[in-house]
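Following: one structure in structure tokens, then a few remarks.
The values are calculated or read from the model by the stated rules, or taken from the named source; none is laboratory data. Treat the numbers as computed from the prediction; the structure is a model and nothing was measured. Every residue, glycine among them, receives a Cβ derived from its backbone with ideal geometry; neighbour counts consider all protein chains shown.
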Amino acid sequence: MPKTAIKFQAVSKHFADASYPAVDNVTLTINEGEFITVLGSSGSGKTTLLKMVNRLYDCDGGKIELFDEDIATVDAVALRRRIGYVVQHIGLFPHMTVAENIATVPKLLNWSKEAIVARVDELLTTVGLDPEEFKSRHPKQLSGGQQQRVGLARALAVNPKIMLLDEPFGALDAITRLNLQNELLKIHGGLKKTFLFVTHDINEAFKLGNRVIIMNEGNVCQFDTPKNIMNMPANAFVKELIDAARGQESFWGERA
Ligand SMILES: Nc1ncnc2c1ncn2[C@@H]1O[C@H](COP(=O)(O)OP(=O)(O)OP(=O)(O)O)[C@@H](O)[C@H]1O
């Protein structure tokens, strides 16, 4: 039996001035080693769901457990150091080199100099950047795709069991995005971590996720494998999403 990595129990978040909850009574369980994607329209609560896992937001109803530990009982800063977090505009520190960026949390945790140097080289290789070529550069000397790779390396630095990724490839061109998706799948397969990955893009969600959470207006409409979602959409919203993607597919067929 796989361990339970993330458990949402009746989790809600209602922002003060909003007409409906950003996340509304969500209950679901994610196993260790799963690659879960979160798909939904704009404003459906995907980012809010993710940010409650590392307590950038606290839920105002329900409970979240990571490996059976209630996160409300853990110091939020300590919790965040244990969880990898990658966002669309990665926010590398501009005055630091690539190596220094990646070493941020290991340094805070007082790793030895030798351990940090070895880890930086290992991580740059993992994300497909040659350490000798890249470790002394500054972020402004990198392309957008290379910056996202460094952000991924930084998030992996202290070997977190859980990685949260919020539209990490949203701002990249189609080819770079496909390359990074493939590399992320390799990284996930090699490291056996639990990934929770937010995207707007149904193709990305169904390609990467072994299971997909589909959200609409704060609710989880369906949480299942891509195959089951395609064959048995749970409601009209999910069906509409799939039909829209199929419509795009046939457009390409017709044009060809
Ligand atoms: N800090 C906040 N204060 C008030 N309302 C917020 C805040 N953050 C999000 N919301 C609201 O909560 C709802 C869900 O937002 P959220 O960012 O989680 O959606 P999303 O699915 O990630 O959207 P997108 O794909 O556009 O990023 C929206 O209605 C949004 O306006």
inquiry  = Based on this model, can you work out whether A234 counts as free of Cβ contacts under 8 Å to residues at least 60 places away in the same chain, of a type in the set (G, A, S) and not in a helix (DSSP H, G or I)?
reply    = yes
message = Residue pairs, Cβ under 8 Å, 6 or more apart or interchain, first in the range 180-200 and farther than 13 Å from L152 by Cα, second of a type in the set (D, E, K, R) and more than 16 Å from the ligand (Cβ to nearest atom). List them.
response = K192/E32; K193/K161; T194/E32; T194/E34; T194/K161
ask   = Looking at (1) within 16 Å of the ligand (Cβ to nearest atom); (2) at negative phi; (3) of a type outside the set (A, V, I, L, M), can you tell me which one S136 breaks?
value = (1)
task = Collect the residues in the range 124-142 that are of a type in the set (G, A, S) and at pLDDT 90 or above, keeping them in residue-number order.
result = S136
key: Unmet requirement for L129, which otherwise passes all of (1) in contact (Cβ under 8 Å) with a residue 60 or more places away in the chain; (2) out of contact with any strand residue (DSSP E or B) (no Cβ under 9 Å at 6 or more places or on another chain)   = (1)
task = May I ask you to verify whether T73 is under 21 Å from K193 (Cβ atoms) and surrounded by fewer than 18 Cβ atoms within 10 Å (Cβ to Cβ)?
result = no
ask   = Hey, among the residues in the range 14-40 that are without any contact (Cβ under 8 Å) to a residue 60 or more places away in the chain and over 17 Å from V212 (Cα atoms), which one's nearest to the ligand (Cβ to nearest atom)?
value = F15
Listing of strands (runs of 3 or more DSSP E) fully contained in the range 29-88 that carry 3 or more residues being among the basic types (K, R) and under 17 Å from T4 (Cβ atoms) = none
Scan of the range 215-240 for residues that are touching a Pro at 6+ places or on another chain (Cβ under 9 Å) and crowded, with 20+ Cβ neighbours inside 10 Å, ordered by number = G218, C221, Q222
message = Cβ contacts < 8 Å: first residue touching a residue at least 12 places away in the same chain (Cβ under 8 Å) and more than 21 Å from N203 (Cβ to Cβ), restricted to the range 41-60; second residue hydroxyl-bearing (S, T, Y) and more than 10 Å from the ligand (Cβ to nearest atom), any location; separation 6+ or different chain. Result?
response = N54/Y85; C59/S12; D60/S12
